[in-house]
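Here the structure is laid out as structure tokens; the discussion comes afterwards.
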Amino acid sequence: MTATQQLLAETESVCPICLKTLAAQRVAEGDNIYLSKHCAEHGHFKTILWRGIDSYRQWGNRGSRAARPPVSETKVERGCPHDCGLCPDHLQHTCCVLLEVTQRCNIKCPVCFASAADDNTDPSLGEIETWLRLLLAHGSKVNIQLSGGEPTMRDDLPQIVALTRSLGFDFVQLNTNGIRLAKEASYAQRLADAGLDCVFLQFDGVSDEVYKHIRGARLLDLKTAAIDRCTKAGLGVVLVPTLVPGINVGEIGKIIDFALERVPGVRAVHFQPISYFGRYPAPPAEADRLTLPEIMDEIEAQTEGRVHAADFSPGSAENAYCSFSGKFFVGKDGSLHPAAEPAANACCGDDTTSACGCGVPSRGDDALRARQFVASHWVTPEQRSAPEEQHAGINVDSLNAFLATRQHSFCISAMAFQDAWNLDLERLRECFIHVVAPDRRIVPFCAYNLTAISGESLYRHPACVEA
Ligand SMILES: [Zn+2]
């Protein structure tokens with residue numbers, strides 16, 4: 001602490017060099033909130049968390065409620081985040097689960113969560129079934145995200161989707177760069193026929209310069225083609241931009257307009273400010289970080305007031321500082337209107353629920369409602385009202401009535417993932433987005449992707465870290 005800093009709260013984090021758990025403090029300095037920590041061996045680290053102290057305080061007052069996972073598979077031995085599995089100290093149910101069905105990819109992104117590698121050891125269909133049954137044994141039908149690598153590298157992806165649905169999972173999402181969806185005429189339809197609900201499409205901007213910088217290739221035409229094919233196949237699309245300061249923050253408004261032109265095929269835009277995983281020569285500079293309030297302000301400014309920062313709320317299931325979301329109805333003229341709270345009996349309605357980086361939040365009954373909210377919001381009404389979709393726990397009549405009013409609803413959301421510099425273990429313990437690791441442990445997303453500055457990973461197989 002320095003004379004210019006004000007202590008807001010004690011928490012814990014890790015050293016970005018050695019990944020040891022450290023005491024950490026959230027401190028205010030000027031109008032900024034920082035995470036401050038000290039490793040006896042590697043020195044002091046200070047990382048921006050939030051720009052704007054008033055909004056920081058207000059946002060936290062709308063925070064979440066915790067609920068322990070029903071089943072813990074690992075013991076508390078070394079302390080958070082070293083015992084994930086989940087351990088009894090975790091404070092949140094599993095809601096959205098990523099299954100990394102391959103580590104292979106068809107582009108080489110400088111920005112990649114998964115550190116995709118030329119690793120040809122995809123898990124077998126039988127292993128994936130084991131993961132799914134493990135999740136069922138944990139007591140709830142979570143939302144499944146098929147992820148990677150690039151999942152469409154697997155020719156048996158439709159079988160994986162069908163397997164997931166056949167085991168009773170209600171919501172299956174594909175996280176993809178869209179290249180195969182664009183290039184292969186019948187592919188979107190095959191995935192839809194297999195039971196896929198929603199496509200989370202990497203979509204970083206509306207100019208090829210952005211893709212060249214972030215993904216190493218000119219991809220805009222392919223992205224557009226992928227959206228067209230998904231829409232034709234009845235697959236809901238969520239555009240997922242990774243926001244990189246100095247590269248595509250200026251395209252936020254254009255991305256929203258691009259999405260609105262394609263409603264209801266495109267259901268939502270889900271922004272993700274860049275996090276720093278993998279090997280880095282030096283800690284990321286403060287200017288290389290974008291915080292959630294800045295994204296809300298940029299949305300307001302770049303939509304010329306059609307959307308207001310005040311239209312957004314924190315997620316109800318996760319830590320408030322992880323995300324924001326807002327739901328809107330789209331007028332015939334393209335205007336946006338914040339959606340009123342749905343009626344209490346509208347079955348899926350928890351509008352304060354975040355549209356998480358994946359599918360849905362969770363927490364006991366809150367978790368179920370949150371799952372249903374996202375499931376209903378991110379698939380097309382036609383899909384969701386189909387007879388096979390009338391699963392237990394949803395009042396179909398009220399759901400259909402509800403959906404009829406929201407044919408052209410639209411969601412804008414963001415999620416800030418944590419890296420070794422800004423990791424706050426209090427937030428991590430409330431994480432509801434989990435990954436099934438190859439050793440079958442269930443690990444919170446940000447712990448799973450956590451890497452030291454050297455690229456060393458806590459949970460990923462070493463071969464997958466070298467991309
Ligand atoms: Zn250290």
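The values are calculated or read from the model by the stated rules, or taken from the named source; none is laboratory data. Values in this document were obtained by computation on a predicted structure and should not be read as measured data. For neighbour counting, all protein chains shown are included, and Cβ atoms are generated from backbone atoms with ideal geometry for every residue, glycine included. Note: areas computed on protein heavy atoms with side chains; ligands, DNA, RNA excluded. Shrake-Rupley method; radii C 1.70, N 1.55, O 1.52, S 1.80 Å.
Scan segment 34-43 and tell me whether some residue there is among the charged types (D, E, K, R), more than 8 Å from the ligand (Cβ to nearest atom), open to solvent by less than 10 Å² (accessible area, probe 1.4 Å) and under 21 Å from Cys446 (Cα atoms).
yes
Could you figure out which of (1) in a loop (DSSP other than H, G, I, E, B); (2) over 24 Å from Asp122 (Cβ atoms); (3) out of contact with any strand residue (DSSP E or B) (no Cβ under 6 Å at 6 or more places or on another chain) isn't true of Ala217?
If we test Ala217 against (1) in a loop (DSSP other than H, G, I, E, B); (2) over 24 Å from Asp122 (Cβ atoms); (3) out of contact with any strand residue (DSSP E or B) (no Cβ under 6 Å at 6 or more places or on another chain), just (2) comes out false.
Go through segment 435-454 and report how many residues are under 15 Å from Pro88 (Cα atoms) and either in contact with a His (Cβ under 9 Å, 6 or more places away or on another chain) or among the polar types (S, T, N, Q) (or both).
Residues in segment 435-454 being under 15 Å from Pro88 (Cα atoms) and either in contact with a His (Cβ under 9 Å, 6 or more places away or on another chain) or among the polar types (S, T, N, Q) (or both): 3 in total.
Restricting to segment 215-229, and then to whatever is among the charged types (D, E, K, R) and surrounded by 18 or more Cβ atoms within 10 Å (Cβ to Cβ), can you tell me which residue is farthest from the chain's Cα centre (by Cα)?
Filtering first and then ranking leaves Arg229.
Yes or no: segment 320-331 includes at least one residue that is open to solvent by 40 Å² or more (accessible area, probe 1.4 Å) and either within 14 Å of Phe417 (Cβ to Cβ) or outside any loop (DSSP other than H, G, I, E, B) (or both).
Yes, segment 320-331 contains at least one residue that is open to solvent by 40 Å² or more (accessible area, probe 1.4 Å) and either within 14 Å of Phe417 (Cβ to Cβ) or outside any loop (DSSP other than H, G, I, E, B) (or both).
Yes or no: segment 230-245 includes at least one residue that is within 22 Å of Gly52 (Cβ to Cβ) and surrounded by fewer than 21 Cβ atoms within 10 Å (Cβ to Cβ).
yes
Checking the conditions here, which among Arg57, Arg26, Arg62 is away from the ligand (no atom under 16 Å from the Cβ) and modelled with pLDDT of 95 or more?
Within the list Arg57, Arg26, Arg62, the selection yields Arg26.
Return the residues of segment 1-20 that are open to solvent by less than 90 Å² (accessible area, probe 1.4 Å) and within 16 Å of the ligand (Cβ to nearest atom); say none if nothing qualifies.
Residues satisfying the conditions are Glu12, Ser13, Val14, Cys15, Pro16, Ile17, Cys18, Leu19.
Filter segment 71-95 for residues that are within 16 Å of Glu318 (Cα to Cα), of a type outside the set (Ser, Thr, Tyr) and in contact with a helix residue (DSSP H, G or I) (Cβ under 8 Å, 6 or more places away or on another chain) and give the result.
His93, Cys95
Which pairs do you get when a residue that is farther than 19 Å from Glu294 by Cα, found in segment 14-33, comes within reach of a residue that is more than 16 Å from the ligand (Cβ to nearest atom), reach meaning Cβ atoms under 6 angstrom, with the pair 6+ apart or on two chains?
Ala24/Thr11; Gln25/Leu7; Gln25/Glu10
Which one is surrounded by the most Cβ atoms within 10 Å (Cβ to Cβ), of the residues in segment 254-281 that are farther than 20 Å from Val240 by Cα and touching a residue at least 12 places away in the same chain (Cβ under 8 Å)?
Step by step, filter segment 254-281, then rank; the result is Gly278.
Being at pLDDT 65 or above and among the polar types (S, T, N, Q), is that true of even one residue in segment 340-359?
no
Identify, please: which residue in segment 452-467 is in a loop (DSSP other than H, G, I, E, B) and at pLDDT below 50 and is, among those, most open to solvent (accessible area, probe 1.4 Å)?
Glu466
Determine which member of the set Leu292, Leu235 is in contact with a helix residue (DSSP H, G or I) (Cβ under 9 Å, 6 or more places away or on another chain), modelled with pLDDT of 95 or more, of a type in the set (A, V, I, L, M, F, W, C) and closer than 30 Å to Pro16 by Cα.
Matching residue, one of Leu292, Leu235: Leu292.
Just to be sure, is Phe328 at pLDDT 90 or above and closer than 28 Å to Leu425 by Cβ?
So Phe328 does not fit the description; no.
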